[in-house]
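Taken together, the values in this text are just the output of simple stated rules run on the coordinates, not laboratory data. Treat the numbers as computed from the prediction; the structure is a model and nothing was measured. Please note: Cβ atoms are built from the backbone with ideal geometry, for glycine as well, and neighbour counts cover all protein chains shown.
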Amino acid sequence: MADNSSIEWTEATWNPVTGCSKVSAGCRNCYAERLALRLQAMGNSRYRNGFKVTLHPDLLNLPGRWREPRMVFVNSMSDLFHEQVPFEFILRVFDTMRACPQHTFQVLTKRSTRLRALSGELPWPPNVWMGVTVENAAVLHRIEDLRVVPAAIRFLSCEPLLGPLDGLSLDGIDWVIVGGESGPGARPMKIEWVRSIFRQCRNAKVAFFFKQWGGVRKDLTGRELCGRTYDEMPRKPVSTKPEEQFELVPT
């Protein structure tokens with residue numbers, strides 16, 4: 001559990017659950033699985049089960065010990081809505097988030113069907129942002145599931161972006177993160193895919209965050225898009241004119 005995170009769009013990570021299983025194409029080269037197995041080999045007790053789903057109830061109250069407000073990515077090493085995570089445990093995670101209004105919690109899932117099914121039974125305080133991973137057109141249905149969730153902020157993580165996402169429906173979506181796959185076996189991301197998502201975000205007045213180009217060495221490929229970085233965070237628009245809020249990427 002990290003007080004500080006190297007993930008560009010958050011500040012800290014909190015993992016009351018570790019471990020997961022693959023559900024779609026974006027999972028093939030899972031960074032969390034690689035890291036979990038490495039930590040297991042190093043003797044880290046949190047990963048004694050490797051990448052099998054493991055609950056850590058002793059970490060449920062960890063955010064309450066952090067005095068300074070921060071942006072917290074929930075379960076960077078798992079998926080809170082995994083079918084092996086009991087609803088009662090998910091509810092305890094939400095209770096902690098509700099009890100820590102000083103923090104902003106970012107929850108991300110690939111299991112949007114379960115998210116949708118449980119969303120009406122969960123409390124949704126304004127400091128909880130809910131997102132789904134959309135890596136290619138085969139999983140666009142996750143956006144429809146997310147749209148009905150009563151979260152204050154709804155976001156998409158298009159990482160690893162594995163194909164074009166033209167014709168995105170961004171109604172009810174506040175934020176889109178885009179990034180290429182990184183690490184061993186990284187699959188390439190085309191610039192035209194990124195530009196298309198960017199234009200759609202501009203047209204819909206949705207905040208756009210470009211995380212990385214990825215590759216085996218993401219430190220070498222960087223995170224600039226057309227000569228600049230995009231670190232936009234979700235916010236309610238103050239103008240009805242997109243050009244007054246954002247700057248367009250040059251073509």
If N is the number of residues in the chain, what value comes out of its Cα radius of gyration divided by 2.2 N^0.38 Å? 0.98
Rg followed by Dmax, in Å, when the range 92-200 is reduced to its Cα trace: 14.8, 43
How would R142, R46 line up from fewest to most surrounding beta-carbon atoms within 10 angstrom? R46, R142
Among E144, E224, E135, residue whose mean-square fluctuation peaks in a GNM of the chain (springs only between Cα atoms under 10 Å): E224
Quick one: how many lysine pairs in the chain have C-alpha atoms under 27 angstrom apart, if they're 8 or more apart or on different chains? 18
Relative to the present Cα-Cα distance, how much length would full extension add between R38 and R235 at 0.36 nm per residue of separation? 67.2 nm
As a test, work out the antiparallel percent of DSSP beta bridges whose residues both lie in the range 1-148, rounded to the nearest 5. 15 percent
Starting from the Kirkwood Rh over alpha-carbon pairs, what translational D in µm² s⁻¹ does the range 36-94 have by Stokes-Einstein at 20 °C and 1.002 mPa s? 165 µm²/s
Dipole magnitude (debye, nearest 20) for the chain, charges at Cβ of Lys, Arg, Asp, Glu: 380 debye
